[in-house]
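Notes follow the structure.
The values are calculated or read from the model by the stated rules, or taken from the named source; none is laboratory data. Values in this document were obtained by computation on a predicted structure and should not be read as measured data. Please note: Cβ atoms are built from the backbone with ideal geometry, for glycine as well, and neighbour counts cover all protein chains shown. Accessible surface is based on the protein model in full, side chains and every heavy atom, while ligands, DNA and RNA are left aside. Shrake-Rupley method; radii C 1.70, N 1.55, O 1.52, S 1.80 Å.
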Amino acid sequence: MKTKKLSYARYGYIFSIPFVVAFCVFTLYPVIFTVALGFTDFKGLGATTFHFLADDPFKNFRAILTAPTFQTALKNTFIMWGMNFLPQILLALVLAAWFSGTLFKVKGQGFFKVVFYMPNIITAATIAILFGALFGYPMGPMNDLVTSLGLAKDPIFFFQNKWVAKGVVAFIQFWMWYGYTMIILISGILGMSPEWFEAAELDGATGWQKFFYITLPNLRTIIIYTLVTSLIGGLQMFDIPKLLVLNSGPDNATLTASVFIYNQAFSGSYMYNRASAASMIMFAIICVLSAIVFVLLQDKSEVQARKELKRAAKAARKGRGIGA
Amino acid sequence: MKKKVSKGFLAFVYVVCAILTVLSIMPFLIMVVNATRSTTQIQQHAISVIPSTYLLKNFQILTGKSFNPMRGFLNSLIISTGATACTVYFSSLTAYALVVYNWKLRQPFFTFIMAVMMIPSQVVSIGFYQFMYRIHMTNNFLALILPAVAAPTTVFFMRQFMLSSLPLEVVQSARVDGSGEFHTFNHIVLPILKPAIATQAIFSFVNSWNNLFLPLILLTRQEKYTMPIMVSLLKGDIYKTEYGAIYMGLTLTVLPLFVVYFLLSKYIIAGVALGSVKG
């Protein structure tokens, strides 16, 4: 019996081969290649040869870290991510509480979920250009609205203002993602034991109290998960800042790290070395941030598992006690 | 015991939902209506709910320049279909290896997959582009399809699904009947996985369809452009004053997604909700 089981084990290896090969060729090798390129003098369109910078290996990294445009790009990325994430998670929480609440039933929930989630599946490139057109100057739907409502006499050149440009990028991200976050949170709330809420109700807890003392603490893991995925996605923001305003707007207002990397490598003097160094810096930032949160998540589930084990042991002991 | 919610609060809830609904739909409504209006009409009043008669004219202006919606649609379809097929088949296979077989490296391999799930595709793009350039794979769709074989997130979901809904007795009894391991996977296990495969296929397809970054750096020849690259052309100088044509182009790229979304929205929403299990 045992030998037979062992003979099947090799299929575990065989069936994993395609994944491992594809990963090594298309992810691992490019990662190593990118790291290596960061230490070279490799640049120029169509160039294929490069030399390692033997006397000053970290030249590219230093150049990137001290470049004001990279610092701006990094700052912008975090600012625009924050401007989108805070309202996003707040609105998603409120909607999730309404849609999964026991006190009242929102009619047409299914419809609202479908509509709120919709922007998420539309091509981001399309949405960026659509919003660019909506905020068009001198003639665009937004200007049409503003002038016909009498809010402004003359059409406004929206994207000439740095903060409006940033705000629109953040708004689009918010608009595309709050529905997604809401659905994730709803399923998190629905996964909670209804008994907790019933017990709280018996104790006379109000809707708000239930939300703050039961729903929110138990959503902690899911909120952290949303935070990480949103952060990783947000740090790579490319399509919308690239296509909403040409050339990243006034003073590089909407320049993000990904757009910066793209510009370094695929325009101007095609500095693949600098772009690689910038990519690795971004990679490091993402790794550190995810690692921090990964540790947080790990602890939580472990603590919970230990708690459950204890509870089970207690119950078993009690059961035996009654039986005896 | 149940307390009543005040009518005012309930009204507030519906007002918020109604505003958000308008917010979701309005941009697309303006887009579709403006696609039927002439540039002059749009310049006079950029917002209108009444469609005009310039649909065909806008289409002609649009396609008279570099925008080729049919080409872009076909290219995107080829890449997305290929990538989706690779992702769901090989992810199922990998997950199967993780669930059904007892091998020494099983746990380390799973930990490894969890770890690489977070590797963002954009930060390796320079090395990837240079690699493809050297082996003459730029402007080759395979460069965008084959990497989909290794999709850690999909492996993760398929594994979760198998753990809960793949009875190992099925595999055992197939063995007794003399079915080979590979045959068992293809003919007995895959059909059981259908619901999970369908969900994962939708997301994989949409992701691939909407991807801009990698196609933008890899595909430099116009006849290879995907839909998102075609869309980015609308930002260029050639369409600068052709407002009607721009809205037309945008509408054409959104239309297939709308059709897919409203046919499958039930499954898509359910699929997103499933994602939270991960947390």
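For region A:126-237, which fully contained helices (runs of 4 or more DSSP H) count at least 2 residues that are at pLDDT 85 or above, farther than 30 Å from B:I229 by Cβ and open to solvent by 20 Å² or more (accessible area, probe 1.4 Å)? Give the derivation first.
Values: elements: A:141-148, A:162-190, A:194-202, A:207-210, A:220-235.
Fully inside region A:126-237 and qualifying: A:141-148, A:162-190, A:194-202, A:220-235.
Which one of these does B:V124 not meet: (1) at pLDDT 90 or above; (2) surrounded by 20 or more Cβ atoms within 10 Å (Cβ to Cβ)?
Checking B:V124 against (1) at pLDDT 90 or above; (2) surrounded by 20 or more Cβ atoms within 10 Å (Cβ to Cβ), the one that fails is (1).
This table checks each residue for (1) open to solvent by 40 Å² or more (accessible area, probe 1.4 Å); (2) of a type in the set (K, R); (3) under 18 Å from A:T226 (Cα atoms).
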position: A:A73; (1), (2), (3): no, no, no
position: A:N76; (1), (2), (3): no, no, no
position: A:V94; (1), (2), (3): yes, no, yes
position: A:A97; (1), (2), (3): no, no, yes
position: A:F104; (1), (2), (3): no, no, no
position: A:F111; (1), (2), (3): yes, no, no
position: A:V114; (1), (2), (3): no, no, no
position: A:Y117; (1), (2), (3): no, no, yes
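Tally the residues that are touching a residue at least 40 places away in the same chain (Cβ under 8 Å) and open to solvent by less than 30 Å² (accessible area, probe 1.4 Å), restricting the search to region B:64-99.
Number satisfying all stated conditions: 21.
Considering only helices (runs of 4 or more DSSP H) fully contained in region B:31-113, which possess at least 3 residues that are of a type in the set (A, V, I, L, M)?
On the way: elements: B:39-44, B:55-64, B:69-100.
Result: B:55-64, B:69-100.
Pairs under 6 Å by beta carbon, first residue touching a residue at least 60 places away in the same chain (Cβ under 8 Å) in region A:233-246, partner charged (D, E, K, R), six or more apart or different chains?
Listed by first residue and then by second, the contacts come to A:L243/B:K235.
Looking only at region B:190-233, count how many residues are among the aliphatic types (A, V, I, L, M) and more than 11 Å from every other protein chain (Cβ to nearest Cβ).
If we filter region B:190-233 for residues that are among the aliphatic types (A, V, I, L, M), which is where we start, we get B:190, B:192-193, B:196-198, B:201-202, B:206, B:212, B:214, B:216-219, B:227, B:229-231, B:233.
Narrowing further to those that are more than 11 Å from every other protein chain (Cβ to nearest Cβ): B:190, B:192-193, B:196-198, B:201, B:219.
Total meeting the criteria: 8.
Between a first residue in region A:78-104 that is in contact (Cβ under 8 Å) with a residue 40 or more places away in the chain and closer than 25 Å to A:F260 by Cα and a second residue that is crowded, with 16+ Cβ neighbours inside 10 Å and hydroxyl-bearing (S, T, Y), which pairs have beta carbons less than 8 Å apart while being 6 or more apart in sequence or on different chains?
Every condition considered, the pairs that remain are A:M80/A:T254; A:M80/A:T256; A:W81/A:S230; A:F85/A:S230.
Within region A:42-60, which residues are surrounded by fewer than 17 Cβ atoms within 10 Å (Cβ to Cβ) and more than 9 Å from every other protein chain (Cβ to nearest Cβ)? First the steps, then the outcome.
First, the residues of region A:42-60 that are surrounded by fewer than 17 Cβ atoms within 10 Å (Cβ to Cβ): A:44-49, A:51-58.
A:G44, A:L45, A:A47, A:T49, A:H51, A:F52, A:L53, A:A54, A:D55, A:D56, A:P57, A:F58 - these are the residues of region A:42-60 that are surrounded by fewer than 17 Cβ atoms within 10 Å (Cβ to Cβ) and more than 9 Å from every other protein chain (Cβ to nearest Cβ).
Criterion first (within 11 Å of another protein chain (Cβ to nearest Cβ) and outside any loop (DSSP other than H, G, I, E, B)) does B:Y267 satisfy it? Quick ask: steps written out before the conclusion?
Working: within 11 Å of another protein chain (Cβ to nearest Cβ): no; outside any loop (DSSP other than H, G, I, E, B): yes.
When the stated conditions are applied, B:Y267 does not pass them.
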